[in-house]
Amino acid sequence: MSMMVQDAIGFTLFDVKKVQYQSRVIFDYIQSCYTISYIKQGKVTITCEGKEYEARTGDVMLHRPHIPFNVISKTDGIHYLFNIELNVKGREDFFHLYPLDRVVQVRDSKAYENKFDELNSIWLQEVGEIRTMQSGFLAFFLLHEIIESSKGGVRQCGREPFETDRFNRALQYMEQRLETGVSREELASLYHMNPVYFSRAFKNIYGITPMKMLHKLRLLHAKRMLENPENTIEMIAQQSGFYDASHFNRMFRKAFNISPNNYRKSIKSTKSRIFSTLSSEEA
């Protein structure tokens, strides 16, 4: 029996690298592809979509595209990571068809590290067909190890793991009303709570007040809209709930230390470099 995979799999490997740090705090990070991050050393807490996860030495973290997440580590750390896009059956996202946990404990960390060292060594070589083929095979080996290891199950943080689910309804309510806005009293009424008590309980979980969370959600929504060049600054300001384009520009620059227009240019530049790299490898 034979099998042809030429048209069944679409795979792109964007980057391979090792990252070392003394401590790390990443807040509301959004990316355009999947990041597979193996923890060679360290301990990390990840929050994403209202849930909190803990990852430590020997674990792999799977970060999905276009979904904001936070990463906090108070210790020294070393991560082995690679960025990929993987489609099957035409243009179906592999990880949507075969979902994996956000944190997976690798069954054989030594084998994983050895294969990653091979992948990293090949990735640093001169671009060519052999490099592309070998790096692809090694990345698939690492994915295979993660899939086989995933049967062990996710390890969520033992410190009140589902506490952040409490106000998911309020977050969704805010996201659906970014343009019109909501009041603290309106949000508190969803839970039949006193507004002052609601605000205090909300801040205990998320670290910020409900109104500051609304402002943050507006900025993140605007950031995503900036990825589409057809969206004008005026349109983005209106649909994200800012008074006007001038107000949006000030708030965006204050939050991200870059203007909306320059952020949009940086996205375009990044995509151009990726496509240029891909084109050079295919040439």
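The values are calculated or read from the model by the stated rules, or taken from the named source; none is laboratory data. Every value quoted in this text rests on a predicted model; they were computed, and no experiment measured them. No Cβ is skipped: glycine too gets one built from the backbone with ideal geometry, and neighbour counts run over all protein chains shown. When the accessible area is computed, the model is the full protein with side chains, heavy atoms only, and any ligands, DNA or RNA have been set aside. Shrake-Rupley method; radii C 1.70, N 1.55, O 1.52, S 1.80 Å.
Here Phe140 meets each of (1) open to solvent by 70 Å² or more (accessible area, probe 1.4 Å); (2) among the aromatic types (Phe, Trp, Tyr); (3) modelled with pLDDT under 90; (4) out of contact with any helix residue (DSSP H, G or I) (no Cβ under 9 Å at 6 or more places or on another chain) with one exception, condition (3).
Kindly evaluate Glu163 against the criterion of being at pLDDT below 80, open to solvent by 40 Å² or more (accessible area, probe 1.4 Å) and among the charged types (D, E, K, R). It is true that Glu163 is at pLDDT below 80, open to solvent by 40 Å² or more (accessible area, probe 1.4 Å) and among the charged types (D, E, K, R). Among all positions in region 107-114, there is no residue which is in a strand (DSSP E or B), modelled with pLDDT of 90 or more and under 26 Å from the mean Cα position of the chain (by Cα).
Against the definition (loosely packed, with under 15 Cβ neighbours inside 10 Å, at negative phi and at pLDDT 90 or above), how does Gln20 come out, yes or no? Considered against the rule, which asks whether it is loosely packed, with under 15 Cβ neighbours inside 10 Å, at negative phi and at pLDDT 90 or above, Gln20 comes out as no.
Within region 201-215, the presence of at least one residue that is at pLDDT 90 or above, open to solvent by 100 Å² or more (accessible area, probe 1.4 Å) and not small (Gly, Ala, Ser) is confirmed.
Within region 188-217, residues that are farther than 30 Å from Asn249 by Cα reach partners that are part of a helix (DSSP H, G or I) and of a type in the set (S, T, N, Q) with beta carbons closer than 8 Å, at six or more positions or on different chains, in the pairs Ala188/Ser199.
Summed over region 233-265, the residues that are in contact with an Asp or Glu (Cβ under 9 Å, 6 or more places away or on another chain) and surrounded by 14 or more Cβ atoms within 10 Å (Cβ to Cβ) give a count of 8. Of the residues making up region 55-106, those that are touching a residue at least 40 places away in the same chain (Cβ under 8 Å), of a type outside the set (D, E, K, R) and within 11 Å of Thr35 (Cα to Cα) are Val60, Met61, Leu62, Tyr80, Leu81, Phe82, Asn83, Ile84. When region 164-176 is filtered for residues that are free of Cβ contacts under 8 Å to residues at least 24 places away in the same chain and of a type outside the set (Ser, Thr, Tyr), the ones remaining, listed by number, are Arg169, Gln172, Gln176. Candidates in region 70-84 are the residues that are under 15 Å from the mean Cα position of the chain (by Cα) and open to solvent by 10 Å² or more (accessible area, probe 1.4 Å); of these, the one that is nearest to Asn168 (Cα to Cα) is Asn70.
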